[in-house]
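S.K.: First, the structure itself, so that you have it in front of you.
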Amino acid sequence: MGNSELTSCIRTEALQLGFDAVGFALAQPLPGVQFREWLDRGYHGEMAYMASNVERRLDPSQVLPGARSVISVALLYRHPHVAPETPPDRFDRGRISCYAQGTDYHLVLQNKLEELLSFIQRLSPEAQT
């Protein structure tokens, strides 16, 4: 199977698994200027882990030596039991964010990513993650 066909199959499967977007990129180091500025400005807030291992975040080969491609997916978190947002009828009540209702979105993503990984490994057993 050629790269183009493999890419197409992975994209189709990811979308069928419920991901809203799928992208592919060469596994090349990123300059990271904007990311470092973002960190320097403290935009990561209380997420201190964002400032650790910066070089690993910017260079896929430091995470997986020999990596050739990076697959990125996006998932809009929509819980089936969450009603569409409506203006509050009272101002003395708060709202619970959609991501905080239902199953933890980390678990939702993990399950979908594991399914996608399994699919990729069936198509290309030599693929590493």
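The values are calculated or read from the model by the stated rules, or taken from the named source; none is laboratory data. All values reported here derive from a predicted model rather than from experimental measurement. Neighbour counts are summed over all protein chains in view; Cβ atoms, including those assigned to glycine, are modelled from backbone coordinates with ideal geometry.
S.K.: Starting from segment 3-27, take each residue that is on the phi > 0 side of the Ramachandran plot and list its partners that are outside any loop (DSSP other than H, G, I, E, B) and of a type outside the set (Gly, Ala, Ser), counting only C-beta distances under 8 angstrom and pairs at least six apart or across chains.
M.R.: The qualifying pairs are Gly18/Lys112.
S.K.: Quick check on segment 55-76: of everything there that is within 16 Å of the chain's Cα centre (by Cα) and closer than 17 Å to Leu116 by Cβ, which residue is modelled with the lowest pLDDT?
M.R.: Leu76
S.K.: Right, another one. Inside segment 1-43, can you point out the residues that are surrounded by 12 or more Cβ atoms within 10 Å (Cβ to Cβ), touching a Lys or Arg at 6+ places or on another chain (Cβ under 9 Å) and not aromatic (Phe, Trp, Tyr)?
M.R.: Within segment 1-43, Ala14, Leu17, Gly18, Val22, Ala27, Leu30, Gly32 qualify.
S.K.: Quick check on my filter: what residues within segment 1-33 are outside any loop (DSSP other than H, G, I, E, B), polar (S, T, N, Q) and at pLDDT 95 or above? Explain how you work it out, then say what you get.
M.R.: In the first step, residues of segment 1-33 are kept if they are outside any loop (DSSP other than H, G, I, E, B); the result is 3-16, 21-26, 33.
Keeping just the survivors that are polar (S, T, N, Q) gives 3-4, 7-8, 12, 16.
Scanning segment 1-33 gives Thr7, Ser8, Thr12, Gln16.
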